[in-house]
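**Student:** Below are the structure tokens for one structure; questions will follow.
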Amino acid sequence: MTLATTPRVFAEQRFFKPFYFLLLFTMGLTGFGQMPIFKRYYIADIPGLGWLADFYATHYIHYIGAVVLFGFFVYAVVVYFGLMRRQFRLTWAAYVRIALLALISITGIFRVLKNLPDVVFSPMFTMVIDISHLAFMMFFMAFGIIFMISKKGWLDKKLGF
Ligand code: HEM
């Protein structure tokens, strides 16, 4: 039995898949909370959802989520290159997801920098970063739905395994 097929790795994957979806959902929810749309469309009036209209709550949850997401990326890279690469290859759908996640993260980092008091970007650059963070996130969501419907996963088994 190779390392990639050990029950421990698969047990971890069972835990991490729902965790990954929950994390992305939280990032989307708290991101949209920044726009802000939940107060305007009375969603925040639903009992238990009042926090969605609280800028600082959604702002800090988005930041904490970003930190957890980066930790998750490190975990995924280590597990793939350390344990799974010999048996599995990344699908083209995985490359699309990775590229979009990288673009979301890079634009997200620039949005964080923009929020720092000593960092000043031009209005044009600020707008490009703001819109591209939102646009890449929307593309990621759209491709995520398409890949889910067409059952395009992240990994393909290599021949011979
Ligand atoms: C899949 C992950 C992510 C999703 C779905 C997401 C989604 C969003 C959305 C929808 C917005 C509002 C867009 C707008 O106002 O035009 C937003 C804002 C923002 N995002 Fe993200 N984002 C993600 C990851 C990240 C990461 C990794 C970072 C930081 C490294 C980040 C930092 C920010 C910042 C700073 C804002 C501006 C609001 C604020 O200051 O709190 N995001 N995000």
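**Student:** In degrees from 0 to 90, rounded to the nearest 10, what is the angle of the helix 92-115 Cα long axis to the longest principal axis of the chain?
**Tutor:** Long axis of 92-115 versus the principal axis of the chain: about 30 degrees.
**Student:** Using a cut-off of 13 Å between beta-carbons, work out the net charge of the residues near TRP51 (Lys and Arg +1, Asp and Glu -1, TRP51 not included).
**Tutor:** Here the charged neighbours net out to -1.
**Student:** Among VAL128, VAL68, TRP154, which residue has its Cα positioned farthest towards the positive end of the charge dipole of the chain, with +1 placed on the Cβ of Lys and Arg, -1 on the Cβ of Asp and Glu, and the dipole taken about the Cα centre?
**Tutor:** TRP154
**Student:** Another question about this same structure. With a Cα-only, solvent-free Debye model of the stretch 1-86, what are the log10 I(q)/I(0) values at q = 0.18 Å⁻¹?
**Tutor:** After summing over all Cα pairs, the log10 values are -0.79.
**Student:** With contacts defined as alpha carbon pairs under 8 Å and 6 or more residues apart, what's the relative contact order of the stretch 89-161 in percent? Show your work: numbers first, answer last.
**Tutor:** Details: 47 pairs, mean separation 41.2, N = 73.
Answer for the stretch 89-161 is 56 percent.
**Student:** Restricted to Cα positions, what overall size does the chain have along the principal axes? Three whole-Å values, descending.
**Tutor:** Computed over the Cα atoms, the extents are 54, 40, 29 Å.
**Student:** Treating only the Cβ of Lys, Arg, Asp and Glu as charged (+1, +1, -1, -1), what charge dipole size does the stretch 1-86 show about its Cα centre? Round to the nearest 20 debye.
**Tutor:** Magnitude of the dipole: close to 380 debye.
**Student:** Separate question: What percent of all Cα-Cα pairs in the stretch 89-161 falls into each 5 Å bin, going from 0 up to the bin containing the maximum distance?
**Tutor:** Using 5 Å bins, I get a P(r) of 3, 15, 20, 18, 13, 10, 8, 6, 4, 2, 1, 0 for the stretch 89-161.
**Student:** How big is the dipole moment of the chain about its Cα centre under a simple scheme where the beta carbon of each Lys and Arg is +1, that of each Asp and Glu is -1, and everything else is neutral? Debye, nearest 20, please.
**Tutor:** Computed about the Cα centre, the dipole is about 800 debye.
**Student:** Determine the relative contact order of the stretch 1-86: mean sequence separation of Cα pairs under 8 Å and six or more apart, normalised by residue count, in whole percent.
**Tutor:** Rounded, it is 31 percent for the stretch 1-86.
Each reported figure results from applying straightforward, stated rules to the coordinates on display, with no laboratory input. What you are looking at is a predicted structure, and each value in this text was computed from that prediction instead of being measured. Methodologically, a virtual Cβ is constructed for each residue, glycine included, from the backbone with ideal geometry; neighbour enumeration extends over all protein chains shown.
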